[in-house]
1. Checking Gly726 against (1) modelled with pLDDT of 95 or more; (2) among the small types (Gly, Ala, Ser); (3) open to solvent by 60 Å² or more (accessible area, probe 1.4 Å), only one condition comes out false. Which one?
2. Filtering region 499-538 down to residues that are farther than 20 Å from Ser463 by Cβ and at pLDDT 95 or above, which residue is surrounded by the most Cβ atoms within 10 Å (Cβ to Cβ)?
3. Could you list, in sequence order, the residues of region 14-30 that are touching a residue at least 40 places away in the same chain (Cβ under 8 Å) and either over 23 Å from Gly114 (Cα atoms) or open to solvent by 50 Å² or more (accessible area, probe 1.4 Å) (or both)?
4. Quick one: Lys248 ticks every box in (1) open to solvent by 10 Å² or more (accessible area, probe 1.4 Å); (2) under 23 Å from the mean Cα position of the chain (by Cα); (3) within 16 Å of the ligand (Cβ to nearest atom) except a single one, so which number is it?
5. So which residues in region 113-156 are open to solvent by 10 Å² or more (accessible area, probe 1.4 Å), outside any loop (DSSP other than H, G, I, E, B) and of a type in the set (S, T, N, Q)?
6. The conditions are (1) in contact with a Gly (Cβ under 7 Å, 6 or more places away or on another chain); (2) crowded, with 19+ Cβ neighbours inside 10 Å; (3) under 23 Å from Gln169 (Cβ atoms), and Phe305 fails exactly one of them. Which is it?
7. Within region 7-53, count every residue that is of a type in the set (Val, Ile, Thr), in contact with a Leu (Cβ under 7 Å, 6 or more places away or on another chain) and either outside any helix (DSSP H, G or I) or within 16 Å of the ligand (Cβ to nearest atom) (or both).
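The values are calculated or read from the model by the stated rules, or taken from the named source; none is laboratory data. This one's a predicted model, so the numbers in the text were calculated from it and none came from an experiment. Every residue, glycine as well, gets a Cβ built from its backbone with ideal geometry; the counts of neighbours run over all protein chains shown. What goes into the accessible areas is simple: the full protein's heavy atoms, side chains included, and nothing from ligands, DNA or RNA. Shrake-Rupley method; radii C 1.70, N 1.55, O 1.52, S 1.80 Å.
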Amino acid sequence: MRLKVAVRALCDFTARRGDLDHRFTPSPTASEGIAGHELIAERRRAADAAFETEVALEGEYVDATGQVLCVSGRADGVDSTQGRVEEVKTHRGDLARMADNQRALHWAQLFVYGALLCRARGLERLTLSLVYLELGSGRETRLDETRTAVELEAIFKEHCARYMAWAKQEGLHREGRDAALRQLGFPFAAFRTGQRPLAEAVYKAASTSRGLLLQAPTGIGKTLGTLFPMLTAMPRQGLDRLFFLTMKTPGRRLALDALARLGDTLEPQGEAPALRVLELVAREKACEYPGTACHGDACPLASGFYDRLPAARHAAVERGRLDRAALREVALAHQVCPYYLGQELARWCDVVVGDVNHYFDVHALLHALTQAHDWRVGVLVDEAHNLIDRARGMYSAELDQRRLAGLRRQAPPALAKPLARLGRQWAALGDHEGDKKGDKKGDNQGNKAGGQSGRDVEYQVLSVPPGGMLRALGQAATAITDYLAEHPGEVDPALQEFLFEALAFTRLAEAFDDHSLFELTRSGRGRALLALRNLIPAPFLAPRFAASHSAVLFSATLSPGDYFRDLLGLPAQTPCLEVASPFAGEQLEVRIRRDISTRYAHRQASIEPIVATLAEQFQRAPGNYLAFFSSFAYLEAVVARFGEAHGEIPVWRQERGMDETARDAFLARFVAGGQGIGFAVLGGAFAEGIDLPGDRLIGAFIATLGLPPVGARQETLRERLEARFGRGFDYAYQYPGLNKVVQAAGRVIRTPEDRGVVVLMDDRFARPEVRALLPGWWRLP
Ligand code: SF4
């Protein structure tokens, strides 16, 4: 086996020492870094035409067992006349603030390049120059060291030997993992109904390097049914990693349990499990010292992090199954930060269970690692019907005018001018008639965007990007960055936070196209919110799918396939498979109340018949029910009337902004054999992802088609979707609405033994195009 490693990856593994240091240091962007390297190269060539740049170097290390490690990379500059090699790094501000582990890494890279250069050119001695370019001033700081070829060779061998021990262990793990997975058997005596075709489809997708949309009902065992075939395909398709991504944290437990069950069937490698599984946890949940800065002076788990990392990393991979609790245990046993240990282990685990953000977000760790290491990855996305909205959020950004005003009052004088310029641009925003289209009202569109319920809200979609504002924002961001670099002692959280928001906004603005819109929501003088709202995430997600070997998206509601393919950026040929439901039509009585209209104009008139329907069904079959409405206002109106008319029937209701305890209390009312009606909002916390089997829930009333409210934003979305896909109404209103209806109705039948009723209360449910979107196994009247 011949191992290969890049100089950077080699040193990243072996050279970091000392503290973790994630103090805010304004760091150059990738494009600034490239520009900085080009600047130095130009300067050198101008001074000496023979100066070489980007010099490719390669060398081998052979250990005592004959194992070969091939190390390669490009040195930034070589001056043959002077016998000098250069490594260039860009930075902002005071060089003394650069973290020690960063500096150690830079020197290590330079020493390795030096060793490779001495070998390649037969040199006996070399000057090593570490060149730091300060981007604000263009000033260079050069640090020189002179070493003999013998010394450099010894350093090179030391790095290689340390890396080799780990790489060999990793190679053996990979061989053992793949051998074990070739023997992987299904951990139960039989597949559940529908689970086998589901597993076969996933295996075929992985084997043909394609994506797959998989619609399969609850109760079929989707988690195990997708993990099992993807793991089976891993050794056969040479997959390096598998990512299981969820929308919410509770979904992870199912995946971790299924992976544990599958892992139990695999032959262990000595003491270690054959399959390493990691749960990636958000920083807020993993941090042991909330509110503390992540550097050695402030947090004990950051102090000496890199010194203790090798032992922690070793212990973690030996343990192999690293859910949040196990990872924490290993981290604390070695006194390192659990969050950053998890980030490190994402490089070394076979299966990572995390949030969709970890692969699809702008700066997603798992996607970055996939690119950097050229991994072949399998991606499984649970509850994938939510990915459109989640991705829209990932590629949207907001700026609050009041926040800018607050910042201007307390900002240092040096920033007064750029912030004032930004303030002026902001105030003028949307003043030109030609720049806007929108409406002035206190509707839920404006309220939603501005969070100013009851206030007169003006909402505008800007028809052209606000160029002046964006320029001023970019200038303000540069000024703040330079200021923070020059005044490292003055860490102002508000200034930093604004800078992060400004940078995120300007980066998304650079990618602005007809997939997004600029919207301005004003709720009074000086109270404006400028948002860059993504409408069609496809252009951002398509490269993420293309970077995977195979991505399987699954959910109980994932049709029509075109809708998801188009909006998510999946290739047009991505198949959409609907797995037959294990439930029979006779399990669910579906009724449609054609005499009720829940349209906004008819709401008042609909209250009485809805109340009568609920009471009549409850009296016919007492038990636990859920009733869904399009808004809290509608819900409250029906609850109030229901209480007056039928005070004897127990009711409980969803409130705005319920916390976890309140949500648990709501669900706790659904006891087996209980009686009452829970009132909830469609698309909210109780309309999907909750499991109330048996007689914990025997019926659902749905008094809405789930259509998003008509407003300027929604209408713009419809227009854009019409222009791009020719399906404006379907894609903006009908499909997302019906998707929510089917999710909510799906709470009733959870097992083949369940029986129940769904009452759809609106005449539009009888329309053929709406009926076509309801599950095929339902018996519609
Ligand atoms: S424990 Fe918390 S404060 Fe300390 S390094 Fe980790 S995330 Fe940062």
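1. (3)
2. Pro537
3. Passing the criteria: Arg17, Gly18, Asp19, Leu20, Asp21, His22, Arg23, Phe24, Thr25, Pro26, Ser27, Pro28.
4. (3)
5. Within region 113-156, Thr127, Thr141, Thr146, Thr148 meet the criteria.
6. (1)
7. Residues in region 7-53 being of a type in the set (Val, Ile, Thr), in contact with a Leu (Cβ under 7 Å, 6 or more places away or on another chain) and either outside any helix (DSSP H, G or I) or within 16 Å of the ligand (Cβ to nearest atom) (or both): 0 in total.
One line per residue, one yes/no per condition, for (1) under 16 Å from Gly114 (Cβ atoms); (2) β-branched (Val, Ile, Thr); (3) over 33 Å from the mean Cα position of the chain (by Cα):
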| site | (1), (2), (3) |
| --- | --- |
| Cys11 | yes, no, no |
| Glu32 | no, no, no |
| Leu39 | no, no, yes |
| Ala56 | yes, no, yes |
| Glu60 | no, no, yes |
| Glu86 | yes, no, yes |
